[in-house]
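Taken together, the values in this text are just the output of simple stated rules run on the coordinates, not laboratory data. Just so it is clear, the structure is predicted and the values come from calculations on it, not from any experiment. All Cβ positions, glycine included, derive from the backbone under ideal geometry; neighbour counts span all protein chains shown.
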Amino acid sequence: MAERLTIGEFSRITHLSIRTLRRYHEQDLLVPAEVDPATGYRYYSPAQVRPALTIRRFRDLDLPLADLRRFLGADQSGEAGHDAAQQVVAAHLRRLEDRLGRTQRAVEALRELLDPRAGRSVSLEVLQPQRILAVSLDVPEGAGLDWYDSAMRDLDAAAGHRPVLPPGGRYDHRLFTEGHGPATVYLPADAPLPPGAPATVRELHLPRRTAAVATHCGRHDDLDLTYGAVGSFAARHGLRSQAVVEEVYLVGPRDTDQPDRWRTLVAWLIVPEDEKEKEKEND
């Protein structure tokens, strides 16, 4: 080789330790331009400086090894490979942006939790009776949110183009305490269930109900803070909770792609006074 650098020289140029360069070689990320078969000494070329620094940046950004190998292989495969390499980078940058957003929101939540003066506004309200189109199901453990999307598709199919109020959901507390349990997703509707609606959809009537209510603003990452506020309000005022909590999606992803504008009504349902009196009489 006319221009070859020992591993020590290459280390000084790139500020990558000799140990790191050996690890890159073992991981098949940066193979030396030459390896002496007799001594095992590694030699690099000046053209490998830029790839070495690129690999370092990607590892600093936690790009998985499999993706990094795919990027390096694609980047050396001409124009088509360059496009594939850019897709690998773009996908990872989106993951990093998402992680950064979650970190920022976690910091904001912590600041609120650590500020004794901070709090979320909660009030005791009466929710009026409603006719709804509903999909009820028992959500299994580890189900993700596919069940909700499927329920909303069936409700939209049933509602058609008729104007409706914001969608909502009624969730058994076991969904949060045990990771599974009953749920009902609904759309308020004045008209009865139309013929030909999906079999999963049925017509229900929600009764008049009392709840500790708060409006959650923004993404749902810190929805637990709003739940904590309404649950604490109920406990402080000696209000007995029902087994169900209700959410109404006043403004959500169906309305805007700007999460900062989302508004979710959280209603911590309370056992009505007349039911408590009946229970006392039966004791």
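Some points to look at:
- The calculated FRET efficiency for ARG236 paired with ALA143, based on their beta-carbon distance and R0 = 51 Å, is about 0.95.
- Rounded to the nearest 10 degrees, the angle from helix 65-75 to the longest Cα principal axis of the chain is 60 degrees.
- The shape of the chain can be summarised by an equivalent ellipsoid whose semi-axes, obtained from the alpha carbon gyration tensor, come to 58, 24, 16 Å from longest to shortest.
- Our estimate of slack between ARG22 and VAL271, defined as 0.36 nm per intervening residue step minus the Cα-Cα distance, is 83.0 nm.
- Against the chain, whose longest principal axis is taken from its Cα atoms, helix 146-159 shows a tilt of about 50°.
- THR256 paired with ALA84, simple spin-label distance in nm, labels 7 Å along Cα-to-beta-carbon: 4.2
- The stretch 113-150 and the stretch 1-72 have Cα centres separated by 52 Å.
- Neighbour counting of Cβ atoms within 10 Å sorts the residues TRP147, TRP268, fewest neighbours leading, into TRP147, TRP268.
- On Cα atoms only, tilt of 78-114 relative to the major axis of the chain in degrees: 50
- Within the chain, helix-based [θ] at 222 nm, where runs of 4 or more DSSP H residues each add -39,500 (n - 2.57), nearest 500: -13500 deg cm²/dmol
- Basic side chains Lys and Arg get +1 at the Cβ, acidic Asp and Glu get -1 at the Cβ, and with that the dipole of the chain about its Cα centre reaches some 820 debye.
- As a rough footprinting exposure proxy, the listed residues THR6, THR20, THR184 were ranked by other beta carbons within 10 Å of their own, and the order from fewest upward is THR6, THR20, THR184.
- Modelled label reach - ASP221, point 7 Å along Cα→Cβ, the stretch 103-128 residues with backbone N closer than 12 Å: 103-111
- Table column - 3J(HN,Hα) (Hz), the stretch 201-215, Karplus curve with 6.51, -1.76, 1.60, x for Gly and Pro: 8, 9, 8, 10, 10, 7, x, 4, 9, 9, 8, 7, 10, 9, 9
- Multiplying the residue separation of ASP36 and GLU108 by 0.36 nm and subtracting their alpha-carbon distance yields 20.4 nm.
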